[in-house]
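Participant: So that we are looking at the same thing, I have put the structure below in structure tokens.
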Amino acid sequence: MHYELYYWTGIQGRGEFVRLALEDAGAGYTDMAREHGDEVMDAFLAGKAEGGRPFAPPFLKAGRQVVAQVAAILDFLGPTLDLVPHAASRRTQAVQLQLTIADLVAEVHDTHHPIAASAYYEDQRAEAKARAASMRGERMPKFLDYFENVIKENGGRHPLREHSYVDLSLFQLLSGLDYMFPQRMRTLWPSLPLLAALKDRVEKRPGIAAYLKSERRVAFNTNGIFRHYPELDAPE
């Protein structure tokens, strides 16, 4: 199966969670917007293309099927790419963990856009500063402690006891938080040894290591979900 991935060009965002799974598995795929421009998504978003109508990218086309939403895409890809346990209960657990990651990613976005996604960051700096303090002090530790404990309770290496797309998504999440809040993450890492080890292992996987060195990997920037604004970062 050759897949078509649709996501905005030049943006380091939710599409990266899907891209990591495809790259780790060595799956054949075309990054459609990078190949043909963002307008290649227009027909899908307008409901004029074959397959289910997505609300927004990222979405994936596999044959005649269109799948949108990161957790749904990864659940769809997981069995074929051997990136999820085969037991139904474990597959459900994988979706649960992926949706929890999505919850934190949404809060990450709302840190720098707490009033409106359509307004510039510069127009909501004061509100973002207050939201970032809550993010650093309450939300990041709560979520990251949860994931640390899930790994601990499942053998100490993986949240599902074996490599899965959840490992890859946690790698992306942790990499993004490291970029966005470097000072805060330096104070949190000592309390997250299992997450730190997982991040290091994923980074060294052959498919991921090659991808991270390639031009296909878009660097974190201020057009994506994880944005580094120095005024929003602090050790605690």
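No value in this document is a laboratory result; all are computed from the given coordinates. Keep in mind the model is a prediction, meaning the values are calculated, not measured. Every residue, glycine among them, receives a Cβ derived from its backbone with ideal geometry; neighbour counts consider all protein chains shown.
Participant: Per residue of region 172-182, in order, report the coupling 6.51 cos²θ - 1.76 cosθ + 1.60 (Karplus, θ = phi - 60°) as ³J(HN,Hα) in whole Hz, putting x for Gly and Pro.
Facilitator: 5, 4, 5, 5, x, 5, 4, 6, 6, 10, x
Participant: Calculate, for Ser134 and Thr92, the FRET efficiency according to 1/(1 + (r/R0)^6) with r their C-beta to C-beta distance and R0 35 Å; round to the nearest 0.05.
Facilitator: Here the calculated transfer efficiency is 0.70.
Participant: What is the calculated FRET efficiency for Glu127 to Arg201, with r their C-beta to C-beta distance and R₀ = 45 Å, to the nearest 0.05?
Facilitator: Values: r = 38 Å, r/R0 = 0.84.
Once the sixth-power term is evaluated, E becomes 0.75.
Participant: Could I ask something else about it? What is the packing order of peptides 109-121, 153-165, 170-182, taking the mean over residues of other C-beta atoms within 10 Å and listing the highest first?
Facilitator: Numbers: 109-121: 14.7, 153-165: 17.6, 170-182: 20.8.
Listed from highest to lowest mean packing, they are 170-182, 153-165, 109-121.
Participant: OK, next. How many nm separate the modelled label positions at Ser118 and Arg157, each set 7 Å beyond the Cα in the direction of the Cβ?
Facilitator: The two pseudo-label positions are separated by 5.0 nm.
Participant: Right, something else. In the chain, what percentage of the DSSP-assigned beta bridges are antiparallel, given to the nearest 5? It would help to have the intermediate numbers written out before the result.
Facilitator: Working: 8 of 11 bridges.
Looking only at bridges with both residues in the chain, the antiparallel portion is about 75 percent.
Participant: Next question, about the same structure. Set the bar at 30 Å for Cα to Cα. Now go through Lys129/Lys199; Lys61/Lys152; Lys61/Lys213 and name every pair that lies beyond it.
Facilitator: Numbers: Lys129/Lys199 28 Å; Lys61/Lys152 36 Å; Lys61/Lys213 26 Å.
Lys61/Lys152, as the Cα separations exceed 30 Å there.
Participant: Can you tell me the relative contact order of the chain? Whole percent, Cα pairs under 8 Å, sequence separation 6 or more.
Facilitator: 22
Participant: Which one, Met180, Leu195, His2, projects farthest toward the positive side of the charge dipole computed for the chain from Cβ point charges (K/R +1, D/E -1)?
Facilitator: The residue sitting farthest along the positive end of the dipole is Leu195.
Participant: What relative contact order, as a whole-number percentage, does region 58-194 give when Cα pairs under 8 Å and 6 or more residues apart are counted? Before the final figure, lay out each step's value.
Facilitator: On the way: 113 pairs, mean separation 29.2, N = 137.
That works out to 21 percent.
Participant: Based on Cβ point charges of +1 for Lys and Arg and -1 for Asp and Glu, what charge dipole magnitude is obtained for the chain about its Cα centre, in debye rounded to the nearest 20?
Facilitator: Details: 28 positive and 31 negative charges, 92 e Å.
Roughly 440 debye, rounded to the nearest 20.
Participant: OK, next. Between region 217-234 and region 15-71, what is the separation of their alpha carbon centroids in Å?
Facilitator: 24
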